[in-house]
Structures are given as structure tokens and as C-alpha cells.
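See below for the structure under consideration.
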Amino acid sequence: DTGVVEGQELKGSYERVGTAPIVVWERSNGDLEVITGRHRLDLARRTGEKTIPSYLVRESDGFTAEDARTFDAESNIRDENGSVRDYAHYFRNKDMTIQDAESKGLLSRKKGRDGWDIGKSAADELYTLYRNNKISADRAAAISRGAPNDAEVQRAVLASSEGMDATTLEIHARRLAAYKNEHSSSVLGDEPVQGDLFGEN
């Protein structure tokens with residue numbers, strides 16, 4: 001009901017000076033809903049505070065429920081609250097360019113960048129494996145960066161990547177993608193082709 005994640009409650013006393021205000025959305029019917037700062041509000045209440053600094057945005061001014069959800073999600077990404085999984089889901093379902101994400105500060109930290117790479121550049125098969133916990137965020141992001149939205153190359157990397165760390169996976173994916181683009185051919189051919197020292201390999 002409060003939006004506070006159990007087990008992640010803030011500790012100590014509420015410090016008014018230096019703590020960012022919460023953001024509250026006023027619906028057209030007058031109801032108030034905290035968009036960001038639920039944990040700060042909870043701490044203030046538990047430590048006896050009667051008021052808390054707040055920014056108020058109003059539905060009557062055109063701030064919609066979708067605006068509220070977007071503001072909440074993007075604030076969490078900027079503050080590194082939540083997981084790469086949350087970020088990937090948000091980016092996959094949000095119509096946004098990389099320029100938009102960068103200008104909003106959503107890609108300034110590793111979790112945000114990994115979430116972007118997985119959400120925007122993982123083909124369906126790789127994304128499903130990630131969502132089903134079959135591959136880690138680091139590995140999924142590396143493959144997505146190396147071969148963005150190329151289902152065939154991503155599948156080939158998955159099939160040949162046992163024991164590779166994330167950095168090697170990204171390089172491997174880039175090389176396979178470059179090979180495929182250079183030769184206009186599949187990277188999943190049935191027959192391996194032996195090249196010479198200076199040619200294909």
C-alpha cells in the first residue's frame with residue numbers, strides 16, 4: 001500500500017536538510033499519490049516528522065498517470081534503485097531514442113547502460129533467456145552490445161560462448177557480426193569452412 005519495499009526500509013533518523021523532496025501527484029479528484037520518495041516518506045513518518053518537503057504535480061495541469069509512471073521509473077534508474085531487469089523491461093516497452101535516454105541521464109551508470117542494451121538490442125530469444133534467468137545481465141548486455149538486434153548472431157554467440165567472460169563475449173559477438181556483414185552469409189552454416197592465414201578463418 002505504501003510502495004515501500006519490505007526489507008529495504010531506510011534506517012536512522014530523517015534529515016530534512018540535504019534530503020531531496022518527494023514528488024507527489026495530485027489527481028483530478030484531489031487524491032494525492034507519491035510518485036517518488038516513498039522510502040523517504042516512510043522514514044519521516046517513522047521518526048515523528050509531521051511534514052516533508054514535496055514537489056506537487058497536478059493532473060489538472062496535464063500531468064497524466066503515464067507521466068507519473070514514467071517519472072517514477074526514470075527517477076529509479078537515475079538513482080540506481082531497482083534492478084537491471086527492471087530497467088531492461090522499461091526500455092523495451094518505452095518508445096525512446098538513445099539520445100532521449102542520454103539527455104535524461106538514464107545511461108550515466110552501468111545498470112542503466114546494461115538495461116538499455118538488453119531492453120533495446122537483445123533479440124527476442126536472448127531477451128527471453130535473460131528474463132527467465134538463463135543468462136546473467138552482464139552476459140546478455142555484452143551479447144546485445146556486440147550484435148545489436150541480430151538474432152542469428154546472438155544465437156551463434158550463445159551456442160559458442162561457454163566459459164567466456166562478458167568482455168570476450170562482446171568481442172566474439174562483434175567479430176561474428178562483422179563476418180556476417182562482410183560476407184553476406186549466415187554465421188550458422190552447417191559446414192565449417194577452413195580459410196587460410198590471411199583470409200577467412
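A few notes on this one:
- Long-range HN-HN contacts of Asp150 with modeled amide H, under 5 Å: Ala123
- Fluctuation leader among Leu176, Leu32, Leu158 - the chain, Gaussian network, Cα springs under 10 angstrom: Leu32
- Relative contact order for the chain: 12 percent, from Cα pairs under 8 Å spaced at least 6 residues apart, divided by residue count.
- Each residue, Ser184 and Glu125, gets one label point 7 Å from its Cα in the Cβ direction; the gap between the two is 2.4 nm.
- Cut-off 12 Å between beta-carbons: net charge of the residues surrounding Ile171, Lys and Arg +1, Asp and Glu -1: +1
- Cα extents of the range 38-111 along the three principal axes, largest first (Å): 42, 32, 19
- Excluding ligands, DNA and RNA, the accessible surface per residue across the chain is 62 Å² with a 1.4 Å probe.
- For the residues Asp79, Asp124, Asp61, a GNM of the chain with alpha-carbon springs under 10 Å puts the largest fluctuation on Asp61.
- Helix 166-183 vs. the chain, principal-axis angle (Cα, 0 to 90°, nearest 10): 50
- Under 12 Å, Cβ to Cβ, from Asp72 - net charge with Lys/Arg +1 and Asp/Glu -1: -3
- For the pair Val57 and Arg38, label points projected 7 Å from Cα toward Cβ lie 1.6 nm apart.
- Model label points for Arg174 and Asp138, set 7 angstrom from Cα along the Cα-to-Cβ axis, are 1.8 nm apart.
- Set against the labelled values (1) 17.8; (2) 19.8; (3) 23.5, Kirkwood radius over Cα pairs in Å computed from this structure falls on (2).
- Neighbours of Ala151, meaning other residues whose beta-carbon lies under 11 angstrom from its beta-carbon, give a summed charge of -3 when Lys and Arg score +1 and Asp and Glu score -1.
- With respect to the chain, whose longest principal axis is taken over its alpha-carbon atoms, helix 110-121 is tilted by about 60°.
- For the chain, the antiparallel share of DSSP beta bridges with both residues in that region comes to about 45%.
- Neighbour-limited loop hits for trypsin sites (Lys or Arg not before Pro), the range 122-166 (at most 16 other Cβ within 10 Å; DSSP other than H, G, I, E, B): Lys134
- Sparsely packed trypsin sites (Lys or Arg not before Pro) within the range 49-88, loop by DSSP, other Cβ within 10 Å at most 12: Lys50
- Compared with the direct C-alpha span, the chain from Ser160 to Ser108 gains 15.6 nm at full extension, assuming 0.36 nm per residue.
The values are calculated or read from the model by the stated rules, or taken from the named source; none is laboratory data. These numbers were taken from a predicted model, which means no experiment stands behind them. All Cβ positions, glycine included, derive from the backbone under ideal geometry; neighbour counts span all protein chains shown. To get the accessible areas, we keep the full protein, side chains included, count just its heavy atoms, and leave off ligands, DNA and RNA. Shrake-Rupley method; radii C 1.70, N 1.55, O 1.52, S 1.80 Å.
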